[in-house]
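J.: Take this structure, written in structure tokens, and hold onto it; I'll ask about it next.
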Amino acid sequence: MKLDRLIGILSILLQREKVTAPELARKFEVSRRTIQRDIEALCRAGIPLATTQGAGGGISILDGYRVDRTLLTAPEMQAILAGLRSLDSVSGTSRYAQLMEKLCAGAGTPAPGSTDLLIDLSSWYKESLAPKIELIQGAICQKRIVRFCYFSPKGESRRTVEPCYLVFQWSAWYLWGRCLTREDYRLFKLNRMTNLAAGELFEPCPAPLPNLAPQRVFPVKYRVTVLFDAAWRWRLVDEYGTDNLTEELDGRLRFTGGFPDADSVLSWVLTFGEGAELVAPEELREKLRTITQVLAQRYARRD
């Protein structure tokens, strides 16, 4: 949609000192002529834009502008403000609050604090997460590789990545980029990164968007059945909804669902203590039996 593209162009111009028309055309996958018409539309809306030619030239926006109220409706502005506020919750800076003030100036829309939609994208790890997001954003903008130590179920490794996108998915932040170690695009969870640092420049190339379909990222290996005490209904509904639950005659809850690996199943069931019984598959019942025997010996009373 043209409105979405205009908002996107405006956002880029607010965050960067200068950008070229060919770069915007590639970003939004349209022609340079379309970008030129968009720039003209923004100028007609009262946003002062300057275009310079030659080496080092490009499109820039002047300070102190006002957004014309004909560009955005009040509901559209509120939706933008809610999204910007959510970014401020993890950015570790005030740049998005400042952007909200600029968008509201003279637009005839409610002040940023009056929007009725609040989104907080931060987490328990906000203090360590914000610097990572800031560094990766800068590396993406400057086209610099990033290096970090990464912890995965397969162990600890050093990674060098050409960063493409920051992704918020499954209540966590990820980096999508080309891993030079694996020579392929990978998804990396920010909380599993340590010793993160930006490195030398790299030559960017068109990057595929990440396929975040759950069945691809977390392919189902085990279909499990678990019986739960009724007291755990609230947690099962919170984590999986009601579609995977049926009530037994004795009041217990039968859960059926898919998991990508054995550790995910066993660790999850154990968090319910005595309130859960893994019914199937038998292979995992045996593994759980072994684990509980080891735990029983470990916590046996010492005389």
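The values are calculated or read from the model by the stated rules, or taken from the named source; none is laboratory data. All figures in this text were calculated on a predicted structure; none of them were measured in a lab. Here the Cβ positions follow ideal geometry from the backbone for every residue, glycine too, while neighbour counts run over all protein chains shown.
J.: Taking Glu203, is it in the same structural domain as Leu180 (by TED's automatic domain parsing), in contact (Cβ under 8 Å) with a residue 24 or more places away in the chain and either surrounded by 15 or more Cβ atoms within 10 Å (Cβ to Cβ) or not in a helix (DSSP H, G or I) (or both)?
T.: Here the answer is yes, as Glu203 does meet what is asked.
J.: Could you check how many residues of the stretch 234-260 are surrounded by fewer than 15 Cβ atoms within 10 Å (Cβ to Cβ) and either not in a helix (DSSP H, G or I) or not hydrophobic (A, V, I, L, M, F, W, C) (or both)?
T.: 14
J.: Filter the stretch 49-75 down to residues that are small (Gly, Ala, Ser) and either at pLDDT below 75 or within 21 Å of Pro206 (Cα to Cα) (or both), then give me how many there are.
T.: 2
J.: Exactly one of (1) in contact (Cβ under 8 Å) with a residue 24 or more places away in the chain; (2) closer than 20 Å to Ser157 by Cβ is unmet by Arg223. Its number?
T.: (2)
J.: What tally of residues in the stretch 217-233 results from selecting those that are of a type in the set (D, E, K, R) and outside any loop (DSSP other than H, G, I, E, B)?
T.: Residues flagged as of a type in the set (D, E, K, R) and outside any loop (DSSP other than H, G, I, E, B) within the stretch 217-233 amount to 2.
J.: Can you run down the residue pairs with Cβ atoms below 6 Å, 6 or more apart or on separate chains, where the first is in the stretch 162-183 and in a strand (DSSP E or B) and the partner is exposed (fewer than 14 other Cβ atoms within 10 Å of the Cβ)?
T.: Pairs found: Gln169/Leu212.
J.: Looking only at the stretch 155-189, which residues are surrounded by fewer than 20 Cβ atoms within 10 Å (Cβ to Cβ), within 10 Å of the chain's Cα centre (by Cα) and of a type in the set (Ser, Thr, Tyr)?
T.: Tyr165, Ser171
J.: Evaluate the following for Thr225: is it of a type in the set (Ser, Thr, Tyr) and touching a strand residue (DSSP E or B) at 6+ places or on another chain (Cβ under 9 Å)?
T.: Yes; evaluated as a whole, the condition is true for this residue.
J.: State whether the residues of the stretch 145-155 include one that is part of a strand (DSSP E or B) and in contact with a Pro (Cβ under 7 Å, 6 or more places away or on another chain).
T.: Scanning the stretch 145-155 turns up at least one residue that is part of a strand (DSSP E or B) and in contact with a Pro (Cβ under 7 Å, 6 or more places away or on another chain).
J.: Could I ask something else about it? Give just the number: which of (1) at pLDDT 95 or above; (2) in contact with a Lys or Arg (Cβ under 6 Å, 6 or more places away or on another chain); (3) of a type in the set (A, V, I, L, M) does Val269 not satisfy?
T.: With respect to (1) at pLDDT 95 or above; (2) in contact with a Lys or Arg (Cβ under 6 Å, 6 or more places away or on another chain); (3) of a type in the set (A, V, I, L, M), Val269 is out only on (2).
J.: Are there any pairs with C-beta distances below 7 angstrom linking a residue in the stretch 30-58 that is at positive phi to a residue that is among the polar types (S, T, N, Q), with the two at least 6 apart or on different chains, and if so which?
T.: Cβ pairs passing all conditions: Gly58/Thr20; Gly58/Thr52.
J.: Please pick out the residue among Val220, Val226 that is closer than 17 Å to Val265 by Cα and touching a helix residue (DSSP H, G or I) at 6+ places or on another chain (Cβ under 7 Å).
T.: When all the criteria are applied, what remains is Val226.
J.: Does Asn211 satisfy the condition of being outside any strand (DSSP E or B), of a type outside the set (A, V, I, L, M) and either exposed (fewer than 14 other Cβ atoms within 10 Å of the Cβ) or not assigned by TED's automatic domain parsing to the domain that holds Ala276 (or both)?
T.: So Asn211 fits the description; yes.
J.: Could you check the stretch 125-134 and list, in sequence order, the residues that are crowded, with 19+ Cβ neighbours inside 10 Å and not charged (D, E, K, R)?
T.: Matches in the stretch 125-134: Leu129, Ile133.
J.: Hey, another quick one. Considering only residues that are among the β-branched types (Val, Ile, Thr) and either under 25 Å from Ala139 (Cα atoms) or at pLDDT 85 or above (or both), which ones fall in the stretch 1-48?
T.: Within the stretch 1-48, Ile7, Ile9, Ile12, Val19, Thr20, Val30, Thr34, Ile35, Ile39 qualify.
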